[in-house]
Amino acid sequence: MAAENVKSFFIAIDPARHRDQLILPRQFTNRYPDLLGSCVILRDLGGRLWHIEVIRSEDRIILTTGWSDFFSHHSLMFGYMVIFEYRGASTFLTSILDHSACEIHMGDPGGSSTTSQPLPSFQITMSAPRFCHRCIFVPGTFASTNLPRFVNDVQIHDAAGRVWQIGVDSRANGVVRRFARGWEEFYTTKNIRPGDTCVFSLINGDVPAFNVFKVAVGGGEQTMLE
(Lines give C-alpha, C1' and ligand atoms only; values in the text may rest on other atoms or scores of the structure.)
Protein backbone atom coordinates (compact mmCIF):
# COMPACT_ATOMS: atom_id res chain seq x y z
CA MET A 1 0.00 0.00 0.00
CA ALA A 2 1.42 3.37 -0.97
CA ALA A 3 2.32 5.58 1.96
CA GLU A 4 0.08 8.42 0.83
CA ASN A 5 -2.96 6.08 0.83
CA VAL A 6 -2.52 4.77 4.34
CA LYS A 7 -5.12 6.16 6.75
CA SER A 8 -4.93 4.64 10.19
CA PHE A 9 -5.39 5.35 13.87
CA PHE A 10 -5.51 3.40 17.11
CA ILE A 11 -7.51 3.56 20.32
CA ALA A 12 -6.53 2.46 23.82
CA ILE A 13 -9.52 0.61 25.22
CA ASP A 14 -11.33 1.68 28.37
CA PRO A 15 -14.43 -0.54 28.83
CA ALA A 16 -16.21 2.14 30.85
CA ARG A 17 -16.16 4.40 27.78
CA HIS A 18 -15.89 2.03 24.85
CA ARG A 19 -18.04 -1.04 25.54
CA ASP A 20 -21.26 0.20 23.88
CA GLN A 21 -19.98 2.76 21.39
CA LEU A 22 -16.76 4.18 20.05
CA ILE A 23 -16.04 7.80 19.17
CA LEU A 24 -13.48 7.97 16.39
CA PRO A 25 -10.49 10.29 16.98
CA ARG A 26 -11.18 13.88 16.01
CA GLN A 27 -7.77 14.08 14.31
CA PHE A 28 -8.86 11.36 11.87
CA THR A 29 -12.46 12.49 11.28
CA ASN A 30 -11.53 16.16 10.80
CA ARG A 31 -8.96 15.18 8.19
CA TYR A 32 -11.29 12.77 6.37
CA PRO A 33 -14.82 14.08 7.11
CA ASP A 34 -16.47 12.45 4.09
CA LEU A 35 -14.64 9.13 4.16
CA LEU A 36 -17.31 7.07 5.94
CA GLY A 37 -20.93 6.35 5.15
CA SER A 38 -23.78 5.45 7.48
CA CYS A 39 -22.23 2.04 8.12
CA VAL A 40 -18.63 0.86 8.38
CA ILE A 41 -17.21 -2.63 8.04
CA LEU A 42 -14.54 -3.86 10.44
CA ARG A 43 -12.51 -6.83 9.20
CA ASP A 44 -10.62 -8.68 11.92
CA LEU A 45 -7.52 -10.80 11.41
CA GLY A 46 -9.65 -13.94 11.52
CA GLY A 47 -11.37 -12.74 8.35
CA ARG A 48 -14.76 -12.00 9.92
CA LEU A 49 -16.64 -8.88 8.80
CA TRP A 50 -18.50 -6.73 11.31
CA HIS A 51 -21.10 -4.21 10.08
CA ILE A 52 -21.25 -1.23 12.45
CA GLU A 53 -23.78 1.59 12.33
CA VAL A 54 -22.36 5.12 12.25
CA ILE A 55 -24.02 8.20 13.70
CA ARG A 56 -22.79 11.78 13.53
CA SER A 57 -23.17 14.12 16.47
CA GLU A 58 -21.96 17.67 15.90
CA ASP A 59 -18.45 17.11 14.54
CA ARG A 60 -17.98 13.59 15.98
CA ILE A 61 -18.34 10.23 14.24
CA ILE A 62 -19.51 7.43 16.53
CA LEU A 63 -19.65 3.66 15.98
CA THR A 64 -22.86 2.39 17.58
CA THR A 65 -25.03 -0.65 16.76
CA GLY A 66 -22.78 -3.64 16.16
CA TRP A 67 -19.76 -2.24 17.98
CA SER A 68 -20.65 -3.93 21.30
CA ASP A 69 -20.72 -7.29 19.48
CA PHE A 70 -17.22 -6.65 18.12
CA PHE A 71 -16.09 -5.57 21.59
CA SER A 72 -17.45 -8.70 23.30
CA HIS A 73 -16.33 -11.18 20.65
CA HIS A 74 -12.73 -10.00 20.88
CA SER A 75 -12.79 -9.87 24.71
CA LEU A 76 -11.42 -6.33 24.73
CA MET A 77 -9.97 -5.30 28.07
CA PHE A 78 -8.70 -2.11 29.67
CA GLY A 79 -5.38 -1.15 28.08
CA TYR A 80 -5.79 -3.23 24.92
CA MET A 81 -5.04 -1.34 21.70
CA VAL A 82 -7.28 -1.58 18.62
CA ILE A 83 -5.63 -0.44 15.40
CA PHE A 84 -7.87 0.67 12.52
CA GLU A 85 -6.39 0.75 9.01
CA TYR A 86 -8.69 2.17 6.34
CA ARG A 87 -8.97 -0.02 3.23
CA GLY A 88 -11.55 1.95 1.24
CA ALA A 89 -15.34 1.64 0.82
CA SER A 90 -15.97 2.39 4.52
CA THR A 91 -13.94 -0.68 5.51
CA PHE A 92 -11.23 -0.94 8.16
CA LEU A 93 -8.78 -3.76 8.77
CA THR A 94 -8.50 -4.08 12.55
CA SER A 95 -5.81 -5.60 14.72
CA ILE A 96 -5.62 -5.86 18.50
CA LEU A 97 -2.64 -5.62 20.84
CA ASP A 98 -2.82 -7.06 24.32
CA HIS A 99 -1.02 -5.83 27.46
CA SER A 100 2.28 -7.36 26.32
CA ALA A 101 2.11 -5.51 22.97
CA CYS A 102 1.43 -8.82 21.22
CA GLU A 103 -1.02 -9.01 18.35
CA ILE A 104 -4.07 -11.15 19.12
CA HIS A 105 -5.40 -13.45 16.40
CA MET A 106 -8.87 -14.97 16.69
CA GLY A 107 -9.35 -18.60 15.70
CA ASP A 108 -11.98 -19.57 13.14
CA PRO A 109 -14.57 -16.83 12.45
CA GLY A 110 -17.09 -18.45 14.82
CA GLY A 111 -14.65 -19.46 17.51
CA SER A 112 -13.14 -17.77 20.50
CA SER A 113 -9.60 -19.11 20.67
CA THR A 114 -6.74 -16.63 20.52
CA THR A 115 -3.02 -16.79 19.95
CA SER A 116 -0.50 -14.01 20.41
CA GLN A 117 2.34 -13.28 18.05
CA PRO A 118 4.96 -10.75 19.13
CA LEU A 119 5.26 -7.67 16.98
CA PRO A 120 8.75 -6.61 15.89
CA SER A 121 10.31 -4.50 18.62
CA PHE A 122 13.57 -3.27 20.07
CA GLN A 123 14.52 -2.17 23.57
CA ILE A 124 16.77 0.68 24.66
CA THR A 125 17.95 1.84 28.07
CA MET A 126 18.42 5.59 28.00
CA SER A 127 21.91 6.46 29.16
CA ALA A 128 24.11 9.48 28.46
CA PRO A 129 25.90 10.30 26.35
CA ARG A 130 24.98 7.86 23.56
CA PHE A 131 21.25 7.51 24.28
CA CYS A 132 20.52 11.06 25.36
CA HIS A 133 17.53 13.32 24.93
CA ARG A 134 18.66 14.47 21.48
CA CYS A 135 18.47 11.14 19.61
CA ILE A 136 18.42 7.37 19.96
CA PHE A 137 20.23 4.81 17.82
CA VAL A 138 18.13 2.03 16.34
CA PRO A 139 19.71 -1.45 16.41
CA GLY A 140 21.00 -2.18 12.93
CA THR A 141 19.57 -5.69 12.75
CA PHE A 142 16.10 -4.45 13.65
CA ALA A 143 16.24 -1.55 11.17
CA SER A 144 17.51 -3.58 8.24
CA THR A 145 14.96 -6.35 8.83
CA ASN A 146 11.81 -4.40 9.70
CA LEU A 147 12.03 -0.83 8.36
CA PRO A 148 11.90 0.35 4.74
CA ARG A 149 15.06 1.99 3.46
CA PHE A 150 15.48 5.67 2.68
CA VAL A 151 12.52 6.79 4.82
CA ASN A 152 12.53 10.36 6.10
CA ASP A 153 10.59 9.87 9.32
CA VAL A 154 8.65 7.47 11.51
CA GLN A 155 5.61 7.90 13.72
CA ILE A 156 5.20 7.32 17.43
CA HIS A 157 1.64 6.89 18.71
CA ASP A 158 1.01 7.63 22.37
CA ALA A 159 -1.80 6.24 24.53
CA ALA A 160 -3.78 9.48 24.19
CA GLY A 161 -3.96 9.04 20.42
CA ARG A 162 -1.45 11.73 19.51
CA VAL A 163 0.90 11.01 16.62
CA TRP A 164 4.50 12.25 16.83
CA GLN A 165 6.51 12.64 13.62
CA ILE A 166 10.15 11.74 14.29
CA GLY A 167 12.80 12.45 11.67
CA VAL A 168 15.39 9.77 11.03
CA ASP A 169 19.01 9.72 9.92
CA SER A 170 20.03 6.81 7.72
CA ARG A 171 23.21 5.06 6.70
CA ALA A 172 24.52 5.31 3.14
CA ASN A 173 22.63 2.14 2.22
CA GLY A 174 19.33 3.64 3.40
CA VAL A 175 19.02 1.63 6.61
CA VAL A 176 17.67 3.75 9.47
CA ARG A 177 20.46 4.69 11.88
CA ARG A 178 18.78 6.82 14.52
CA PHE A 179 15.66 8.74 15.53
CA ALA A 180 16.60 12.41 15.63
CA ARG A 181 14.44 15.40 14.71
CA GLY A 182 11.44 15.56 17.01
CA TRP A 183 12.78 12.96 19.43
CA GLU A 184 13.84 15.59 21.98
CA GLU A 185 10.29 16.97 22.20
CA PHE A 186 8.85 13.48 22.67
CA TYR A 187 11.53 12.59 25.23
CA THR A 188 10.86 15.73 27.26
CA THR A 189 7.06 15.65 27.02
CA LYS A 190 6.88 12.02 28.11
CA ASN A 191 9.22 12.65 31.04
CA ILE A 192 11.75 10.04 29.94
CA ARG A 193 14.92 10.04 32.02
CA PRO A 194 18.41 8.53 31.76
CA GLY A 195 18.21 4.99 33.07
CA ASP A 196 14.67 4.41 31.81
CA THR A 197 14.21 1.36 29.60
CA CYS A 198 11.77 1.71 26.70
CA VAL A 199 10.42 -0.86 24.26
CA PHE A 200 9.63 0.34 20.73
CA SER A 201 6.96 -1.90 19.19
CA LEU A 202 6.40 -1.63 15.43
CA ILE A 203 2.67 -1.49 14.65
CA ASN A 204 2.89 -0.51 10.98
CA GLY A 205 5.77 -1.34 8.67
CA ASP A 206 4.60 0.39 5.47
CA VAL A 207 4.57 3.82 7.07
CA PRO A 208 6.77 3.00 10.07
CA ALA A 209 4.81 3.58 13.27
CA PHE A 210 5.59 2.57 16.84
CA ASN A 211 4.00 2.28 20.25
CA VAL A 212 6.50 3.00 23.03
CA PHE A 213 6.32 1.26 26.40
CA LYS A 214 8.30 2.08 29.54
CA VAL A 215 9.57 -1.00 31.39
CA ALA A 216 9.05 -0.98 35.14
CA VAL A 217 12.15 -0.90 37.35
CA GLY A 218 13.28 -4.48 37.78
CA GLY A 219 11.78 -5.53 34.44
CA GLY A 220 8.51 -7.22 33.65
CA GLU A 221 5.54 -4.86 33.47
CA GLN A 222 5.41 -2.46 30.53
CA THR A 223 3.30 0.70 30.40
CA MET A 224 2.54 2.52 27.18
CA LEU A 225 3.61 6.16 27.31
CA GLU A 226 0.64 8.51 27.64
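The values are calculated or read from the model by the stated rules, or taken from the named source; none is laboratory data. As the structure is a prediction and not an experimental result, all values here were calculated from the model. We place every Cβ from the backbone using ideal geometry, glycine too, and count neighbours over all the protein chains shown. What goes into the accessible areas is simple: the full protein's heavy atoms, side chains included, and nothing from ligands, DNA or RNA. Shrake-Rupley method; radii C 1.70, N 1.55, O 1.52, S 1.80 Å.
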May I ask you to list the chymotrypsin sites (Phe, Trp or Tyr not before Pro) in segment 49-79 that are in a DSSP loop and have at most 16 other Cβ atoms within 10 Å of their Cβ?
78
How high is the relative contact order of the chain, in percent, with contacts defined as C-alpha pairs under 8 Å that are six or more residues apart?
17
Which Cα, out of 66, 202, 95, lies furthest along the positive dipole direction of the chain (beta carbon charges, K/R +1, D/E -1)?
202
Name the residue, out of 177, 162, 56, whose mean-square fluctuation peaks in a Gaussian network model built on the chain with Cα pairs under 10 Å.
56
Cα point-scatterer Debye curve for segment 30-75, base-10 log of I(q)/I(0) at q = 0.25, 0.27 Å⁻¹:
-0.93, -1.01
Largest-first ellipsoid semi-axes for segment 118-217, taking √(5λ) over the Cα gyration tensor eigenvalues, angstrom:
19, 15, 13
For segment 41-103, run through the GluC sites (Glu not before Pro) and keep only the ones in DSSP coil with at most 13 other Cβ atoms within 10 Å of their Cβ.
58
Treating only the Cα positions of segment 1-61 as identical point scatterers, give the base-10 log of I(q)/I(0) from the Debye formula at each q in 0.12, 0.15, 0.26 Å⁻¹.
-0.35, -0.56, -1.44
Would you kindly state how much longer the chain becomes between residue 48 and residue 60 on full extension, computed as 0.36 nm times their sequence separation minus their alpha carbon distance, in nm to one decimal?
1.7 nm
Test of understanding: what is the full-extension gain from residue 93 to residue 134, defined as 0.36 nm times their sequence separation minus their Cα-Cα distance?
11.2 nm
If you roll a 1.4 angstrom probe over the protein chains with everything in place, what fraction of the accessible area of the chain belongs to carbon and sulfur, to the nearest %?
48
Hull volume per residue for the chain, using the convex hull of the C-alpha atoms, in Å³ is 134
